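Here is the structure we will look at, set down as structure tokens.
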Amino acid sequence: MTDLLVLRPEPGASRTMARAALLGLAARACPLFRIEPLDWSPPPASEFDALLVTSAQAVRMGGAALARYHNLPAYGVGAATAAALREAGFAKAIAGEADGAAIARRIAEDGHRAVLHLAGADVAPFDAGPLALSRVALYAAVEAADRPELAAALAPGAVLLVHSRRAAARLATLVDPADRGALHLIAISPAAMAASGAGWASLQAAAAPNDDAMLALAAMLCK
């Protein structure tokens, strides 16, 4: 059976592997980063008229302090982030369907302007349009796997799942161009695909930025 390698940090890696198992795919994890919380000072909720979260990790790292924002309209960049918000007490969290720019447009269309953006220390840039974003970093992704560790996890024909632009860029530094021709890469977005570099046996971006779309591509490669 073709190896399926999940490169995202925990706890997301375990969730991806569980979804892969439902499709009959045996996946292994080799996270390129680990998540570490950052100290943060929650700004007053009264300064904002909406909350934007672009990573479910930010919800997990926010802790009890998130409760002070329960009265704000809450928006998650995708379904997984919106689900994490609902689990944290945001009963009517709205899910985006694409990327940061898309959910920013939705927030603006709903009439909001002053927006608290909870995220990680590294955020892919996006067009916020007319929104006045106040970004607060709740966590940092710290490099984990090194070159020998990743090389030991790879086998010719392996399918690699890359869940972020930053992970794709790091993967490109860890895998020599001469070794990429035997490896298939599936990226969560066109931006992540572009950051992966060239020379892979195949390189695809998922039709939507979520596990289901990525694993649909993986299932075809792993047959």
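Here are some notes:
- Counting charges near Arg34 (Lys, Arg +1; Asp, Glu -1) among other residues having Cβ under 15 Å from its Cβ returns a value of -2.
- Other residues with beta-carbon under 13 Å from the beta-carbon of Arg19 carry, at +1 per Lys or Arg and -1 per Asp or Glu, a net charge of 0.
- The base-10 log of I(q)/I(0) for the range 130-184, evaluated at q = 0.14 Å⁻¹, reads -0.49 [Debye formula, identical scatterers on Cα atoms, solvent excluded].
- Rg(Cα) / (2.2 N^0.38 Å) computed for the range 1-137, rounded to two decimals: 1.12
- Taking 7 Å steps out from each Cα toward its Cβ at Arg106 and Gln204 produces label points 2.5 nm apart.
- The chain, accessible surface, carbon-and-sulfur percent (1.4 angstrom probe): 55 percent
- Kirkwood hydrodynamic radius computed over the range 1-82 comes to 14.9 Å, based on all pairs of distinct alpha carbons.
- Mean projected area of the convex hull spanned by the Cα atoms of the range 19-60, taken over all viewing directions: 5.2 nm².
- Three-way shape label, the range 127-219, alpha-carbon gyration tensor, a/c 1.5: prolate
- Accessible area per residue, Å², the chain with all protein chains present, probe 1.4 Å: 46 Å²
The values are calculated or read from the model by the stated rules, or taken from the named source; none is laboratory data. Quick caveat: nothing in here was measured; it's all calculated off a predicted structure. Positions of Cβ are generated from backbone atoms using ideal geometry, with glycine treated the same way; all protein chains shown enter the neighbour counts. Keep in mind that these areas ignore ligands, DNA and RNA; they rest on the heavy atoms of the full protein, side chains included. Shrake-Rupley method; radii C 1.70, N 1.55, O 1.52, S 1.80 Å.
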